[in-house]
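First up is the structure itself, then whatever we jot down about it.
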Amino acid sequence: MAALTSLQAPDIRHAKRLVVKIGSALLVDRATGLKQGWLSALALDVADAKRRGADVVLVSSGSIALGRKVLNLGDGALTLEQSQAAAAVGQIRLARAYEEVLAPHGITTGQVLVTLEDTEDRRRYLNSRATMETLLGLGVVPIVNENDTVATDEIRFGDNDRLAAQIAVTCGADQLILLSDVDGFYSANPKEDPSAVRFDLVEKITAQIEAMAGDPISGMSKGGMKTKLLAAKTAVAGGCAMAIMEGSVLRPLTALAEGANRTWFVAHSDPQQARKRWINAMKPRGELRLDAGAVTALRAGKSLLPAGVTSIAGTFGRGDPVAILDPAGLVLGKGLVRYTAAEAKAIAGHRSGEIERILGYQGRAALVHRDDMVL
Ligand code: GLU
């Protein structure tokens with residue numbers, strides 16, 4: 001029989017950019033509050049990953065769980081306003097807890113609070129992408145959570161599994177680890193069905209796999225298998241592999257590296273390829289025509305500066321897709337533009353250093369950044 005091509009599980013020790021999602025139940029004990037020992041051990045794992053050269057982003061739940069304890073809101077269901085109040089009180093403690101465990105390792109943390117709109121609106125998406133890139137470039141470990149204090153039901157992610165997947169794709173991560181209360185993805189709910197088997201590796205999220213995901217099961221955390229599978233779909237489509245594992249052991253990332261139970265959802269492209277495909281699939285809202293010098297610069301992998309643009313057509317906003325044309329009007333590629341059509345018209349043909357004088361504020365130097373471009 002012909003040898004089967006066996007797909008390799010990703011190795012966390014090879015991650016270049018790692019996003020780790022931490023669920024409330026791992027971090028907060030209803031009776032005693034923050035699980036300091038667990039968090040300090042996690043910090044050792046984060047420090048190891050940083051030492052190996054990986055960028056690390058932590059998406060952490062726990063603000064509401066921490067805040068409700070401080071505010072003595074009891075164990076029952078909270079109203080939206082109570083959750084928002086609890087988040088306001090809990091988030092400040094949550095961020096400080098991470099800062100305190102990571103600082104001794106020489107790691108600087110930053111707090112990033114996002115809403116669904118920040119990742120869905122292209123303009124805001126580009127902004128949060130640029131901010132994350134800058135933070136990671138400076139060696140910071142961003143501590144991300146949903147901005148629960150302002151997010152109302154319609155504009156909420158609601159669960160940090162999907163938020164973590166969005167963040168992973170936004171910042172071009174290659175691995176996403178969901179630290180959870182289950183040790184992987186099962187063919188059925190293992191708490192109900194003794195014949196349920198755990199997958200080591202999911203190569204493709206088929207309709208059959210989707211049918212296996214039940215509804216949310218655990219009490220404290222919001223994400224059941226359904227939301228985890230949605231997260232996996234987002235991550236994998238963005239070129240990011242995703243693992244689900246039980247996170248309550250001390251140093252879960254070390255345990256993962258050493259072969260702990262988990263399910264890996266394999267990605268079939270890398271984040272850069274996935275992003276190019278995503279941009280390529282968009283319908284352009286306008287056109288930028290370049291001079292010959294700009295064409296050469298783009299071919300050499302440079303960003304598109306306003307100086308190289310000779311004419312602009314269409315009405316587009318910041319973050320919209322535009323077609324990039326050569327001097328003869330032939331389509332050269334596509335990209336996400338960082339200025340509105342009106343602004344782009346005003347600065348076209350000018351050096352980036354003149355942007356502030358023309359527009360009245362200091363915008364970004366490139367009209368289309370090379371990361372947001374496909375040729
Ligand atoms: N953002 C919420 C919090 O920090 C948690 C959402 C979740 O657990 O998925 O409390």
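If you plug each phi of the range 309-314 into the Karplus form 6.51 cos²θ - 1.76 cosθ + 1.60 with θ = phi - 60°, what whole-Hz ³J(HN,Hα) values come out, in order, with x for Gly and Pro?
So the Karplus estimates, Gly and Pro as x, are 9, 9, 8, 9, 10, x Hz.
If we count every other residue with Cβ under 11 angstrom of Gly172's Cβ, Lys/Arg +1 and Asp/Glu -1, where does the sum land?
Residues near Gly172 contribute -1 overall.
Leaving ligands and nucleic acids out of the surface, order Asp181, Asp320 by accessible area at 1.4 Å, largest first.
Numbers: Asp181 60, Asp320 20 Å².
These residues rank, largest area first, as Asp181, Asp320.
What accessible area, in Å² to the nearest ten, does a 1.4 Å probe give for His369?
Approximately 50 Å² for this residue.
Got a sec? Which residues in the range 263-280 would a label at Thr206 touch, if it sits 7 Å along Cα→Cβ and we count backbone N under 19 Å?
Answer for the range 263-280: 263-268.
Scan around Asp29 for amide H atoms under 5 Å from its own, H built in the peptide plane at 1.01 Å from N, and keep only partners 5 or more places away or cross-chain.
Those lying under 5 Å, H to H, from Asp29 are Leu34, Lys35.
How much accessible surface does Tyr125 have with a 1.4 Å probe, in Å² rounded to 10?
Surface open to solvent at Tyr125 totals about 20 Å².
Which residues among the range 107-125 fall inside the zone where the amide N is under 19 Å from a point 7 Å beyond the Cα of Tyr361, along Cα→Cβ?
Inside the label zone: 118-119, 121-125.
Per residue, how many Å² of accessible area does the chain show with a 1.4 Å probe? Intermediate values should be presented prior to the final figure.
Numbers: 17280 Å² over 375 residues.
Using a 1.4 Å probe on heavy atoms only, each residue of the chain averages 46 Å².
Taking the highest mean first, how do the peptides 256-268, 89-101 order by number of other beta carbon atoms within 10 angstrom per residue?
Taking the mean over residues of other Cβ atoms within 10 Å, the ranking is 89-101, 256-268.
At 222 nm, what value in deg cm²/dmol follows for the chain if DSSP H runs of at least 4 each add -39500 (n - 2.57) and the sum is divided by all its residues, to the nearest 500?
Values: 14 runs with 138 residues, N = 375.
It comes out at -10500 deg cm²/dmol, rounded to the nearest 500.
Starting from 0.36 nm per residue, how many nanometres of slack lie between Asn189 and Glu354 once their C-alpha separation is accounted for? Please list the in-between numbers first.
Values: separation 165, 0.36 × 165 = 59.40 nm, distance 6.08 nm.
Answer, rounded to one decimal: 53.3 nm.
At 4 °C and a viscosity of 1.567 mPa s, what translational diffusion coefficient does Stokes-Einstein give for the range 228-351, taking Rh as the Kirkwood radius over Cα pairs? Give it in µm²/s as a whole number.
My calculation gives 75 µm²/s for D.
Taking only Cα atoms and a 10 Å spring cutoff, compute GNM fluctuations for the chain and point out the largest among Lys226, Lys16, Lys283.
Looking only at Lys226, Lys16, Lys283, the largest GNM fluctuation is found for Lys283.
Under 1.5 on a/c is rounded, so check that first for the range 32-130, then, if it is not, pick prolate when a/b is larger than b/c and oblate when it is not; a ≥ b ≥ c are the square roots of the alpha carbon gyration tensor eigenvalues.
Values: a/c = 2.82, a/b = 1.17, b/c = 2.42.
Since a/c reaches 1.5 but b/c is at least a/b, the shape of the range 32-130 is classed as oblate.
Counting only protein heavy atoms and a 1.4 Å probe, tell me what percentage of the chain's accessible area is made up of carbon and sulfur. Can you show the working numbers first?
On the way: 8880 of 17280 Å².
For the chain, the apolar C and S fraction of the accessible surface comes to 51 percent.
For the pairs Lys233/Lys283; Lys69/Lys233; Lys204/Lys226; Lys16/Lys204; Lys21/Lys302, note any where the Cα-Cα span goes beyond 27 Å.
On the way: Lys233/Lys283 23 Å; Lys69/Lys233 34 Å; Lys204/Lys226 16 Å; Lys16/Lys204 23 Å; Lys21/Lys302 34 Å.
In this structure, Lys69/Lys233; Lys21/Lys302 lie more than 27 Å apart at Cα.
So how far apart, in nm, are the two label points at Ala342 and Glu133 if each is 7 Å from Cα heading toward Cβ?
Calculated label separation equals 2.7 nm.
Calculate how large, on average over all directions, the projected area of the Cα convex hull of the range 53-184 is; give the answer in nm² to one decimal. Intermediate results must be reported in sequence, preceding the final value.
Values: hull surface 35.7 nm².
It is 8.9 nm².
Quick one: net charge around Leu304, please, counting Lys, Arg +1 and Asp, Glu -1 for every other residue with C-beta under 13 Å from its C-beta.
Working: positive: Arg289, Arg299, Lys302, Lys334, Arg338, Arg364, Arg370; negative: Glu287, Asp291, Asp326, Asp371, Asp372.
After counting each charged neighbour, the total is +2.
Using only the C-alpha atoms of the chain, find the volume of their convex hull and express it per residue in Å³.
On the way: hull volume 65.0 nm³, N = 375.
Here the figure is 173 Å³ per residue.
What ranking, highest mean first, results for peptides 160-168, 108-116 when packing means the other Cβ atoms within 10 Å averaged over each residue? Working shown, then result.
Details: 160-168: 28.0, 108-116: 18.2.
So the peptides 160-168, 108-116, ranked by packing, come out 160-168, 108-116.
Between Leu44 and Ala300, what is the spin-label point distance in nm, taking each point 7 Å from the Cα along the Cα→C-beta axis?
Between Leu44 and Ala300, the simple spin-label model gives 5.0 nm.
Given the options Pro306, Pro104, Pro284, which has the most mean-square fluctuation in a GNM of the chain, springs set between C-alpha atoms less than 10 angstrom apart?
Judging by the Gaussian network model, the answer is Pro104.
The values are calculated or read from the model by the stated rules, or taken from the named source; none is laboratory data. Since the model is a prediction, treat every value here as computed from it, not as a measurement. A quick note on method: Cβ atoms are made from the backbone with ideal geometry, for glycine too, and the neighbour counts reach across all protein chains shown. We work out accessible area using only protein heavy atoms, side chains counted, and drop any ligands, DNA or RNA first. Shrake-Rupley method; radii C 1.70, N 1.55, O 1.52, S 1.80 Å.
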